[in-house]
Amino acid sequence: MNTKYFKDTGSVKKISRLKKSCCIFIVLALCFVLTACAAIQSGKSDAPLPVKVLILPKFEVGELSGDFPGEAQLFYENYFTDSEAFEIAGTVDGSKLYYKDGLAMYVLGEGKVNSAASLTSILLDSRLNFSNACFMTVGCGGGAYERSVIGDIVLITGVADFDAGHRVDIRELKDDRENGWFKEDDFDQFSHVVLNQGLADELYSLIKDIRPQLPSAAKEYMAKNFDNAAWAVRDPMVLKGSSVTSDCYWKGQYLSREATVIAESHGLPDPFMITEMEDIAIGVVLDRAGLLDRYIGLRVNVNMDVFTGSMTPENTWGDEVEETLLADDETAGCFQDNMKNLFEVSDLVIDYLTNK
């Protein structure tokens, strides 16, 4: 037996296996390089898209472009007309998330349930990276009686839930209280949020001197409906204030006083200034995700939280409804102007946040 032959054969086999391994490695390396080159050429990557600012309007009146603007249209037309669009599982039917150059926008849907469900689904989507994002709610609201005028833009510093607590019809009260809301301390974890006051001060210094421009009809409307009261005839401003969220679209002086009490009872940093239907839900979702310190709210007063002019509950919401949300009797015919003013203030904030 030639033992040398068998030793040499073993070496040959080892060399053969080594060559085979090297070939496999080279092929895999080439595949990786080709895949990387293809990704670079197509501009796509499996890495999550980094979001700098997530813009969160709640509704659009019609289309996202080219018609009467709701809360989303001006943001879409200025930032997202040629953007990527994503379907997000678990969100509002027909709504998409738009992304371009670090900015993203999603129309959440009206009310607390829509907002909470949509935002939660967005945050869980693995295609997006929110580790350095700011979350910016934008939209309209009802201005607080005796504090705000149509056209005011409110930078929100705290939010309270109008619906979290105990409430009775005021006709059931046995004392001199003027509202039927009672605070429940056990609800504190979800009944209010306080936003990042340092960030709010930083942004307010950027926008506080802006004077929103509206047609003279807005000031005339306020003067006529509030008997030329000093608070009602001033020019619109950018203000800091608290918001009170309710799923119910409410109006009336008694309920306005109740909203004031709710904001005060929760110790919010600034007085109740505007009411809306979503912001507490957004705040609670962000708080539970550890992101509340990057929450920013901007709302424009498009109508008052009390009935004005010939408006009554019956002709506003009843069987004989005469006007819509956007009608002159409620918005002084300035809804479109207010959307433009809101966008211009928001644009300054977005530009500042993306370049910090």
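The values are calculated or read from the model by the stated rules, or taken from the named source; none is laboratory data. Bear in mind that the values here come from a model prediction, so they are computed numbers and not experimental data. Glycine gets a Cβ as well: all are built from the backbone with ideal geometry, and neighbour counts include every protein chain shown.
Looking only at the range 65-98, residues that are part of a strand (DSSP E or B) and small (Gly, Ala, Ser) come to 1 in all.
Here is a yes/no grid of residues against (1) within 15 Å of Ala263 (Cα to Cα); (2) outside any loop (DSSP other than H, G, I, E, B):
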| residue | (1), (2) |
| --- | --- |
| Ala117 | no, yes |
| Thr120 | no, yes |
| Ser126 | no, no |
| Val138 | no, yes |
| Arg147 | yes, no |
| Ile156 | yes, yes |
| Arg171 | no, yes |
| Glu178 | no, no |
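Against the conditions (1) at pLDDT 95 or above; (2) in contact with a Ser or Thr (Cβ under 7 Å, 6 or more places away or on another chain); (3) over 26 Å from Leu199 (Cα atoms); (4) assigned to a loop (DSSP other than H, G, I, E, B), Val107 satisfies every one except (3).
Among the criteria (1) without any contact (Cβ under 8 Å) to a residue 24 or more places away in the chain; (2) aliphatic (A, V, I, L, M); (3) under 23 Å from Arg294 (Cβ atoms), the one Ala85 does not fulfil is (3). Evaluated against (1) closer than 30 Å to Gln336 by Cβ; (2) part of a helix (DSSP H, G or I); (3) modelled with pLDDT of 95 or more; (4) not basic (Lys, Arg), Ala160 falls short on exactly one condition, (2). Could you look through the range 314-337, keep only residues that are out of contact with any helix residue (DSSP H, G or I) (no Cβ under 6 Å at 6 or more places or on another chain) and outside any helix (DSSP H, G or I), and pick out the one that is modelled with the lowest pLDDT? Checked the range 314-337; the qualifying residue modelled with the lowest pLDDT is Leu325. When residues in the range 202-224 are screened for being surrounded by 13 or more Cβ atoms within 10 Å (Cβ to Cβ) and of a type in the set (S, T, N, Q), 1 of them pass.
Let me spell it out: the conditions are (1) under 17 Å from Arg147 (Cβ atoms); (2) over 28 Å from the mean Cα position of the chain (by Cα); (3) without any contact (Cβ under 8 Å) to a residue 12 or more places away in the chain, and Glu264 meets all of them except one. Which number is the exception? Exception for Glu264: condition (2). Of all residues in the range 254-277, exactly one satisfies the criterion of being buried (at least 19 other Cβ atoms within 10 Å of the Cβ), part of a helix (DSSP H, G or I) and among the charged types (D, E, K, R), namely Glu258.
Against the definition (in contact (Cβ under 8 Å) with a residue 24 or more places away in the chain, of a type outside the set (Gly, Ala, Ser) and closer than 30 Å to Gln189 by Cβ), how does Leu348 come out, yes or no? Criteria not met by Leu348.
What are the residues in the range 278-310 that are surrounded by fewer than 23 Cβ atoms within 10 Å (Cβ to Cβ), in contact (Cβ under 8 Å) with a residue 24 or more places away in the chain and in a loop (DSSP other than H, G, I, E, B), if any? Those that are surrounded by fewer than 23 Cβ atoms within 10 Å (Cβ to Cβ), in contact (Cβ under 8 Å) with a residue 24 or more places away in the chain and in a loop (DSSP other than H, G, I, E, B): Ala289, Leu291, Val306, Phe307, Thr308, Gly309. Condition check: under 23 Å from Val61 (Cα atoms), at pLDDT 95 or above and β-branched (Val, Ile, Thr). Does Val233 satisfy that? Here the answer is no, as Val233 does not meet what is asked. Just checking, does the range 306-319 include any residue being in contact with a strand residue (DSSP E or B) (Cβ under 7 Å, 6 or more places away or on another chain) and in the same structural domain as Glu344 (by TED's automatic domain parsing)? No - not one qualifying residue is present in the range 306-319. With respect to Gly198, determine if the residue is at pLDDT 95 or above, in a strand (DSSP E or B) and of a type outside the set (A, V, I, L, M). No; evaluated as a whole, the condition is false for this residue. Is there a residue in the range 186-201 that is aromatic (Phe, Trp, Tyr), assigned by TED's automatic domain parsing to the domain that holds Ala332, closer than 27 Å to Met339 by Cβ and surrounded by fewer than 19 Cβ atoms within 10 Å (Cβ to Cβ)? Among the residues of the range 186-201, not one is aromatic (Phe, Trp, Tyr), assigned by TED's automatic domain parsing to the domain that holds Ala332, closer than 27 Å to Met339 by Cβ and surrounded by fewer than 19 Cβ atoms within 10 Å (Cβ to Cβ), which makes the answer no. Can you say whether Glu330 is within 24 Å of Leu239 (Cβ to Cβ), crowded, with 19+ Cβ neighbours inside 10 Å and free of Cβ contacts under 8 Å to residues at least 40 places away in the same chain, as far as the supplied structure shows? Spelling it out, Glu330 is indeed within 24 Å of Leu239 (Cβ to Cβ), crowded, with 19+ Cβ neighbours inside 10 Å and free of Cβ contacts under 8 Å to residues at least 40 places away in the same chain. Kindly evaluate Val349 against the criterion of being among the hydrophobic types (A, V, I, L, M, F, W, C), in contact with a strand residue (DSSP E or B) (Cβ under 6 Å, 6 or more places away or on another chain) and either over 28 Å from Lys224 (Cα atoms) or in the same structural domain as Gln73 (by TED's automatic domain parsing) (or both). The answer is no for Val349.
Do we have Lys251 as basic (Lys, Arg) and not in a helix (DSSP H, G or I) here? Yes, satisfied.
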